Structures are given as structure tokens and as C-alpha cells.
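Data block below; observations after.
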Amino acid sequence: IVIIFAIIVIALIAKKYIGNQINEENNAQIVEEIKQHEETTEPIKFGNNSVIGIINIPKIELEYPILDTTTKENMRTSITRFSGGNVNEIGNLALAGHNNYDGTMFGRNDELVAGDKIYLTDLQKNAVEYEIKSIFVTDPNDVSILETKEEIREVTLITCENGNKARLIIKAEEVKK
């Protein structure tokens, strides 16, 4: 019985890992399509979803399309807009993503520190550099993280922590050139 149980567990882990790798390939393909696509104000489709931009965090080798709405299905697919306006608008754009054990999506966000850079690119190919200002863990019901500061561009990254009992929050502000 123990051997059968171990085989089942290993099979389930392998299935999830293979699924994540296929998802990673699909995300990389859509990012390349966006980069080669002409500038547009119209959303770009990724399956049944609309893509509103690209998030890139070089330190942890993260690059994903940003889907326009947060749903369970969308979060299995990519990084999603949890709240806020469009990419690189004035205000607080909150992005949600899974903290996958295999390091995909926001699975490596715990390696980031204040001062690290985040880049958001909109569909008009405007890239804005953001610098991480704070990193903290909060309650899943804490909505204060969504508050907007006046007249600045800000991005808030949200992912689960401690088995979904808390949220790892990363707040970054636009680097003024």
C-alpha cells in the first residue's frame, strides 16, 4: 500500500511539474508575440484572455504576459491584474500570481530585495522601470495594499505565503529619469 501511495504521489507531482512547464512555454511564446506585435491600444488575446502588458523582473528571470482580470483559471495561466488601471498608468497597479514551488510565476519573489528592478511594458511598447521600495507579509484580507499614492506610478505584486495563510507583498515605484 505504501508503494502504491508513493507512486501516486510521484505521478501527481510529475503531472503538475509537466503542466507548469507547458504553461511556461506558452507564456514565453505569447511574450515573444507581444514584443513582435505592432503597437496597439487593443488588448492582445491569449486563449480566452486579454493581455494588457508584460512584467519582467531580471533578477529572478521572470517574464510573463499580464492578463487583464484575476480569476482562478487566469491565475493558473499567468500573472493577472488584481486591481488598478492599465499598465504604466498613474496609480497603483496590483498584480497577482501564484507562488509555485517549482519557481514559476511568483515562486521566486522571496529572493527579491529593496532596490531590485521591475519592468512593465504596455501594448504601445512603453517600458517603465520600477524600483522595489518595500517587501512584507500581510493578512490575505488586508486591502490597504491596494491604496494609491497621488501622482505616482506604483506596482504591487501579490502572492500567497505560508500555505495561503498570508500574502507576500512587494511594492515598487517608478524610477524617475
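To the nearest 10 square angstrom, how much accessible area does ARG81 have with a 1.4 angstrom probe?
40 Å²
Go through the range 121-177 and name the GluC sites (Glu not before Pro) that are in a DSSP coil and have 15 or fewer other Cβ atoms within 10 Å of their Cβ. Mind dumping the intermediate values first?
Values: sites: GLU129, GLU131, GLU147, GLU150, GLU151, GLU154, GLU161, GLU173, GLU174; in loops: GLU147, GLU150, GLU151.
For GluC sites (Glu not before Pro) across the range 121-177 that sit outside H, G, I, E and B with at most 15 neighbouring Cβ atoms in 10 Å, the list reads GLU147, GLU150, GLU151.
Among the chymotrypsin sites (Phe, Trp or Tyr not before Pro) within the range 11-105, which fall in a DSSP loop and have no more than 10 other Cβ atoms within 10 Å of their own Cβ?
Numbers: sites: TYR17, PHE46, PHE82, TYR101; in loops: TYR101.
In loop regions of the range 11-105 (DSSP not H, G, I, E or B), there are no sparsely surrounded chymotrypsin sites (Phe, Trp or Tyr not before Pro).
At most 15 other Cβ atoms within 10 Å and a DSSP loop assignment: could you name the GluC sites (Glu not before Pro) in the range 1-75 that fit?
Values: sites: GLU24, GLU25, GLU32, GLU33, GLU38, GLU39, GLU61, GLU63, GLU73; in loops: GLU38, GLU39, GLU61.
For GluC sites (Glu not before Pro) across the range 1-75 that sit outside H, G, I, E and B with at most 15 neighbouring Cβ atoms in 10 Å, the list reads GLU38, GLU39, GLU61.
Give the calculated FRET efficiency between LYS176 and THR71 to the nearest 0.05, with a Förster radius of 30 Å applied to their Cβ-Cβ distance. Mind showing how you got there, number by number?
Details: r = 34 Å, r/R0 = 1.15.
So, using R0 = 30 Å, E works out to roughly 0.30.
In nanometres, what is the gap between the two model label sites at ASP142 and GLU89, each 7 Å from Cα along Cα-to-Cβ?
2.6 nm
Heavy atoms only, probe 1.4 Å: what % of the accessible area of the chain goes to carbon and sulfur, would you let me know? Working shown, then result.
On the way: 5500 of 10160 Å².
So the carbon and sulfur contribution to the accessible surface is 54 percent.
Cut-off under 18 Å on the C-alpha distance; same-chain residues fewer than 8 positions from LYS15 excluded. Which aspartates and glutamates are left, in chain and number order?
Output for LYS15: GLU24, GLU25, GLU73, ASP102.
If R₀ is 45 angstrom, what is the calculated FRET efficiency for the pair ASN48 and VAL2, using the beta carbon separation as r and rounding to 0.05? Write out the running numbers ahead of the final one.
Numbers: r = 42 Å, r/R0 = 0.94.
The pair ASN48/VAL2 has a calculated efficiency of 0.60.
Tell me the net charge near LEU112. Cut-off is 14 Å between Cβ atoms, LEU112 excluded, with +1 for each Lys or Arg and -1 for each Asp or Glu. Display every interim value, and only then the final one.
Working: positive: LYS59, ARG108, LYS117, LYS133, LYS171; negative: GLU61, ASP110, GLU111, ASP116, GLU131, GLU161.
Counting the neighbours of LEU112, the net charge comes to -1.
Can you work out the accessible area per residue across the range 90-146, with the rest of the protein chains kept in place, probe 1.4 Å, in square angstrom? Write out the running numbers ahead of the final one.
Values: 2610 Å² over 57 residues.
Averaged over the residues of the range 90-146, the accessible area is 46 Å².
Starting from the Cα of GLU131, step 7 Å along the direction of its Cβ; do the same at LYS35; then give the gap between the two resulting points in nm.
The answer from the label model is 2.6 nm.
The values are calculated or read from the model by the stated rules, or taken from the named source; none is laboratory data. All of these numbers come straight from a predicted model, not from anything done at the bench. Please note: Cβ atoms are built from the backbone with ideal geometry, for glycine as well, and neighbour counts cover all protein chains shown. Accessible surface is based on the protein model in full, side chains and every heavy atom, while ligands, DNA and RNA are left aside. Shrake-Rupley method; radii C 1.70, N 1.55, O 1.52, S 1.80 Å.
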